[in-house]
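A.B. asks: One structure is given below, represented as structure tokens, and several questions about it will come after.
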Amino acid sequence: MTEVEAKKPQESLQDRLAQVVELLHRHRLVEDLAHRQEGQHQERVENLVHRQNLVELQRKLEVLHPADVAHILEALPLDDRLTVWQLVKSERDGDILLEVSDAVRETLIADMDDHEILAAAKDLDADELADLAAELPRDVVHELMETLDAQQRERVRSALSYEEDQVGALMDFEMVTIREDVSLEVVLRYLRRLKELPGHTDKLFVVDYDGVLKGVLPIKRLLVNDPEKQVAEVMASDPVTFHPDEDAYEAAQAFERYDLVSTPVVDKSGKLIGRLTIDEMVDLIREESESEVLSMAGLREEEDIFASVWKSLRNRWAWLAVNLVTAFVASRVIGLFDGSIEKLVALAALMPIVAGIGGNSGNQTITMIVRAMALDQIGTGNGTRLLRKEAGVGLLNGLIWGGVIGLVVYWLYDSWSLGLVMTAAMTLNLLLAALMGVLIPMTLARLGRDPALGSSVMITAMTDSGGFFIFLGLATVFLL
């Protein structure tokens, strides 16, 4: 695919978003005009609004994929979002609710009554219902479960019984199973009788009469082999499988490693109970990546960019409070050297450089370590070696760039001693940043916390306070 072709869908979606925004703007303008009118003329203007702008807007929404509608809803302020949401046909509500972010989904569900929620969820599969159930009112979930048949109800309960980060919570129950003692011709005739295949069907699952998985039959093998052959002759008898209580992120890594599209999920006795598909794994990797970025910034959860001030405040206050405390500590460190700064004003101009470079270096280290931990590349046996390696990188960077800034300081202030102090401070602070960049996430992991949680805030606090103390301390000892 060329670069132009790759960008085309995104540009088209942005164009459609702009069209939606324009229609909403027109609707608001004419609606304001209608409210200024009185009597019969007001009613005519209001009818004109609904016939033109809103009807045209609804027509545009009907041709969009649910994921595109979800993108538009996420990009709109709350009032406009609810206006657009009311124009979406009820039979599409469920698919769109699955596509929007958790924060936006909360605002949409809050705008729906129980009847609308039930209508939106009635056509969803068991695994999709399980995704929504946690955010629906309890009485609605109970009523929804009553409308399901016994098999669907059991599937939903099964999916809900697992934690959200386990394979069982993400597995799909829609799959095609066959026997190993039939011919490929029989399998082909069976597939032709089906109305459609489940999404992401790249293989069929071979089971015995007790439902125990015997292997998988890739579709490509089914199509290229002699129809007279038996399934047992061409199937793969050692497929990649998962248990429902396994870690979902490890499963996602396996999908990436082995280029999987779908794979079976079996219980402890080997019985086939579901499958994992690539779409769920892609969503999981994206969500994990977004969560990691938010955690490093000290945000507790995904935030609707158009959320109320109070909701945004609750999401952000905790680590801002921590940052305030660390900033106060850094200011107290500077306060210890007030006399030194008064005698040599250049210290005030130079100390932010030491702290800033240290913070940047520490964030680089911590990003690499958090990523490596997410990929399970760091074990108990290589932690010390990794610490030595990062310390070496920090030491060399400090000597190189500390030497550069030392020469610049000598040129600016005509002082070899100040330049040497700057070089030493830069080297020691980059060494500190490297060590803290390794130790902070590893310590959080040992304590059972997310290694990315607030790590960016903590490393900045350490390099700021440490950088100020190192630089001002060295200047006090060797210059004053």
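The values are calculated or read from the model by the stated rules, or taken from the named source; none is laboratory data. Please read all numbers here as calculations on a predicted model, not as lab measurements. Backbone-built Cβ (ideal geometry, glycine too); neighbour counts: all protein chains shown. The area values use the complete protein model at the heavy-atom level, side chains included, leaving out ligands, DNA and RNA. Shrake-Rupley method; radii C 1.70, N 1.55, O 1.52, S 1.80 Å.
A.B. asks: Name the pairs: first residue in the stretch 161-182 and in contact (Cβ under 8 Å) with a residue 12 or more places away in the chain and within 20 Å of ASP279 (Cβ to Cβ), second residue in a loop (DSSP other than H, G, I, E, B) and open to solvent by less than 20 Å² (accessible area, probe 1.4 Å), Cβ to Cβ under 8 Å, at least 6 apart or on different chains?
C.D. replies: Cβ pairs passing all conditions: TYR162/PRO244; GLN166/PRO244; VAL167/PRO244; GLY168/PRO244; MET171/PRO244.
A.B. asks: Next question. What are the residue pairs meeting all of these: first residue in the stretch 407-425, first residue without any contact (Cβ under 8 Å) to a residue 60 or more places away in the chain, second residue open to solvent by 90 Å² or more (accessible area, probe 1.4 Å) and in a helix (DSSP H, G or I), Cβ atoms under 7 Å, and 6 or more apart or on different chains?
C.D. replies: TYR410/TRP416; GLY419/LEU407; VAL421/PHE478
A.B. asks: I'd like the full set of residues that are under 32 Å from the mean Cα position of the chain (by Cα) and farther than 13 Å from PRO264 by Cα, limited to the stretch 220-245.
C.D. replies: ASP245
A.B. asks: I would also like to ask the following. Here's a check for you: in the stretch 284-303, which residue that is closer than 21 Å to THR107 by Cα and in a helix (DSSP H, G or I) is modelled with the highest pLDDT?
C.D. replies: Checked the stretch 284-303; the qualifying residue modelled with the highest pLDDT is GLU287.
For every residue, the table says whether it meets (1) within 16 Å of ALA130 (Cα to Cα); (2) under 18 Å from the mean Cα position of the chain (by Cα).
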site	(1), (2)
ALA75	no, yes
ARG81	no, no
VAL88	no, no
GLU91	no, no
GLU99	yes, yes
ILE109	yes, no
ASP113	no, no
GLU116	no, no
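A.B. asks: Enumerate the helices (runs of 4 or more DSSP H) found wholly within the stretch 181-274, keeping only those where 3 or more residues are on the phi > 0 side of the Ramachandran plot, surrounded by 14 or more Cβ atoms within 10 Å (Cβ to Cβ) and at pLDDT 95 or above.
C.D. replies: Values: elements: 184-193, 219-224, 231-234, 248-258.
Per the criteria, no element qualifies.
A.B. asks: Another one. Looking at the stretch 219-243, I want the residues that are of a type in the set (Val, Ile, Thr) and have a partner that is surrounded by 13 or more Cβ atoms within 10 Å (Cβ to Cβ) and part of a helix (DSSP H, G or I) with Cβ atoms under 8 Å, at least 6 apart or on another chain. Which pairs are those?
C.D. replies: Taking only residues 6 or more apart or on different chains, the pairs are VAL231/LEU184; VAL231/VAL187; VAL234/LEU184; VAL234/ARG221; VAL234/LEU222; VAL240/ALA254.
A.B. asks: If I filter the stretch 127-145 down to residues being within 23 Å of the chain's Cα centre (by Cα) and under 22 Å from GLU174 (Cα atoms), which single residue comes out as modelled with the lowest pLDDT?
C.D. replies: For the stretch 127-145, the residue satisfying everything is ALA134.
A.B. asks: Could you list all residues from the stretch 321-339 that are farther than 13 Å from MET462 by Cα and open to solvent by less than 50 Å² (accessible area, probe 1.4 Å)?
C.D. replies: ALA321, ILE334, GLY335, PHE337, GLY339
Condition check ((1) crowded, with 17+ Cβ neighbours inside 10 Å; (2) over 17 Å from GLY467 (Cα atoms); (3) among the hydrophobic types (A, V, I, L, M, F, W, C); (4) modelled with pLDDT under 85) across all residues:
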site: ILE357; (1), (2), (3), (4): yes, no, yes, no
site: ILE366; (1), (2), (3), (4): yes, yes, yes, no
site: GLY383; (1), (2), (3), (4): no, yes, no, yes
site: GLY394; (1), (2), (3), (4): yes, no, no, no
site: THR427; (1), (2), (3), (4): yes, no, no, no
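A.B. asks: Then there is this: Identify the single condition in (1) assigned to a helix (DSSP H, G or I); (2) closer than 30 Å to GLN253 by Cα; (3) without any contact (Cβ under 8 Å) to a residue 40 or more places away in the chain that LEU386 does not satisfy, given that it satisfies every other one.
C.D. replies: It fails just one condition, (3).
A.B. asks: Within the stretch 435-446, can one find any residue that is more than 27 Å from the chain's Cα centre (by Cα) and not basic (Lys, Arg)? Can you show your working first?
C.D. replies: Within the stretch 435-446, the first condition is being more than 27 Å from the chain's Cα centre (by Cα), and the residues that meet it are 435.
Still in the running and not basic (Lys, Arg): 435.
Yes, there is a match, as at least one residue in the stretch 435-446 is more than 27 Å from the chain's Cα centre (by Cα) and not basic (Lys, Arg).
A.B. asks: Give the residue that is least open to solvent (accessible area, probe 1.4 Å), with candidates limited to residues of the stretch 438-479 that are free of Cβ contacts under 8 Å to residues at least 12 places away in the same chain and not polar (S, T, N, Q). Steps first, answer last, please.
C.D. replies: Let us first name the residues in the stretch 438-479 that are free of Cβ contacts under 8 Å to residues at least 12 places away in the same chain, namely 443-444, 446-449, 477.
When the remaining residues are screened for being not polar (S, T, N, Q), the result is 444, 446-449, 477.
Values: LEU444: 27, ARG446: 208, LEU447: 126, GLY448: 67, ARG449: 131, VAL477: 108 Å².
Looking at the filtered set, the residue picked out is LEU444.
A.B. asks: Which of the residues spanning the stretch 84-119 are among the polar types (S, T, N, Q), open to solvent by less than 50 Å² (accessible area, probe 1.4 Å) and assigned to a helix (DSSP H, G or I)? Step through it out loud before you land on a result.
C.D. replies: Of the residues in the stretch 84-119, the ones among the polar types (S, T, N, Q) are 86, 90, 101, 107.
The next check asks that each one be open to solvent by less than 50 Å² (accessible area, probe 1.4 Å); those that pass are 101, 107.
Listed by number, the list holds a single entry, THR107.
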